[in-house]
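Asker: Before I ask anything, here is the structure I am working with.
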Amino acid sequence: MFIIQDIGILFNIIIIFLMFFNTFIFQAGLVKLLIHRFTGTIVVTGIYFVLSVSFHVWIQNLRWWNMRMYVWTDGLQALFVFQRFAAVLYYYFYKRTILCLGDPRLYEDSEWLRNEFFRNKGKPPPVLSLPSLEVLLLLNSWYYAAYFVAEILLFVYKSLLLPYTPANLTLDLVMLFLYLGVEVIRIFFGSKGNLSQRKVPFTISLVLLGPSTIMAIYYMLLQTYVLRLEVTINAILLVFYVFELLLYSVGLISFSRAIIID
């Protein structure tokens, strides 16, 4: 049940970002306006997700080693209180954001939006997008889709043939789904920032490259059971990340030198 809840929260985050991406404001390149308007939702959702995953992993580990007795520590109690408090804020902000995103003015052109667009854009910027980065991100997305399916199948294989404890299996699976969410957001923002030559989404994608790299290293070396196939497929991901880091750096320098106001 904990895994289902965490995956549900993750998909809620993905859905709300997809709704952001669908607005006319986002498509016009005014990402900063969306972030400013929905900062509370973004922050509260992130905090609630981290608290929920932490609470669920902690309680699963405690109860796995003490299955015949009720376990509830002071630290777990404190984390539970914070997680429940964050849940109230999360559901309030999430529902409020969904209602706000139903405003038809967010999905159509208007004089106010035009004024904001020209105020932020100024004169048309030079074309600085990197075709090589766009191709690399596309290949990365297809490869990661195959990688995710392969990892799920490998987890099934390992759980059947190896002495995998439920706590460790739960942890590895939760991290894999977290990895999926990070990669989806990273690749989308990277492509969006590259094509629109916007520093904000481009920088977000660059920052998310760090957690993606850590996840790849974890599944290559540090997870409970590592197969040779996993070493290979994660090493290929790291090669993608190295080349993307180089192109991110080139793109960010180019965008910073240009007269583009985020």
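The values are calculated or read from the model by the stated rules, or taken from the named source; none is laboratory data. Fair warning: this is a prediction, and the values are worked out from it, not measured in the lab. Counting neighbours? That spans all protein chains shown, and the Cβs are built from the backbone with ideal geometry, glycine included.
Asker: Suppose the filter is under 15 Å from the mean Cα position of the chain (by Cα) and modelled with pLDDT under 85; does K192 pass it?
Answerer: Working: under 15 Å from the mean Cα position of the chain (by Cα): yes; modelled with pLDDT under 85: yes.
Taking the combined requirement at face value, the residue satisfies it.
Asker: Here's a follow-up. Please enumerate the residues belonging to segment 168-227 that are among the hydroxyl-bearing types (S, T, Y) and under 21 Å from L18 (Cβ atoms). So that I can check it myself, show each step before the final result.
Answerer: Going residue by residue through segment 168-227, those that are among the hydroxyl-bearing types (S, T, Y) are 170, 179, 191, 196, 203, 205, 212-213, 218-219, 224-225.
Passing the criteria: Y179, S191, S196, T203, S205, S212.
Asker: Now a separate question. Given the criterion surrounded by 10 or more Cβ atoms within 10 Å (Cβ to Cβ), within 27 Å of the chain's Cα centre (by Cα) and modelled with pLDDT under 80, identify the matching residue among S141, S129.
Answerer: After ruling out the rest, the residue left standing is S129.
Asker: To continue, here is another question. Return the residues of segment 49-74 that are of a type in the set (G, A, S) and either at pLDDT below 75 or surrounded by 17 or more Cβ atoms within 10 Å (Cβ to Cβ) (or both); say none if nothing qualifies.
Answerer: Let us first name the residues in segment 49-74 that are of a type in the set (G, A, S), namely 52, 54.
Of everything in segment 49-74, just one residue is of a type in the set (G, A, S) and either at pLDDT below 75 or surrounded by 17 or more Cβ atoms within 10 Å (Cβ to Cβ) (or both), namely S52.
Asker: How do the pairs read when you match residues in segment 190-209 that are under 14 Å from L136 (Cβ atoms) with residues anywhere that are among the hydroxyl-bearing types (S, T, Y) and in a loop (DSSP other than H, G, I, E, B), using Cβ under 8 Å and keeping only pairs 6 or more apart or on different chains?
Answerer: Once the first residue is under 14 Å from L136 (Cβ atoms) and sits in segment 190-209, its partners that are among the hydroxyl-bearing types (S, T, Y) and in a loop (DSSP other than H, G, I, E, B) give N194/S129; L195/S129.
Asker: Between a residue in segment 141-164 that is within 22 Å of V239 (Cβ to Cβ) and touching a residue at least 60 places away in the same chain (Cβ under 8 Å) and any residue that is surrounded by 13 or more Cβ atoms within 10 Å (Cβ to Cβ) and among the acidic types (D, E), which pairs come within a Cβ distance under 6 Å, given they are 6 or more apart or on different chains?
Answerer: Correct list of pairs: Y144/E183.
Asker: Here is a follow-up. Which residue pairs have Cβ atoms under 6 Å apart, sit 6 or more places apart or on different chains, and have a first residue in segment 12-29 that is part of a helix (DSSP H, G or I) and a second that is among the small types (G, A, S) and at pLDDT 80 or above?
Answerer: That search, which allows pairs on different chains as well, returns nothing.
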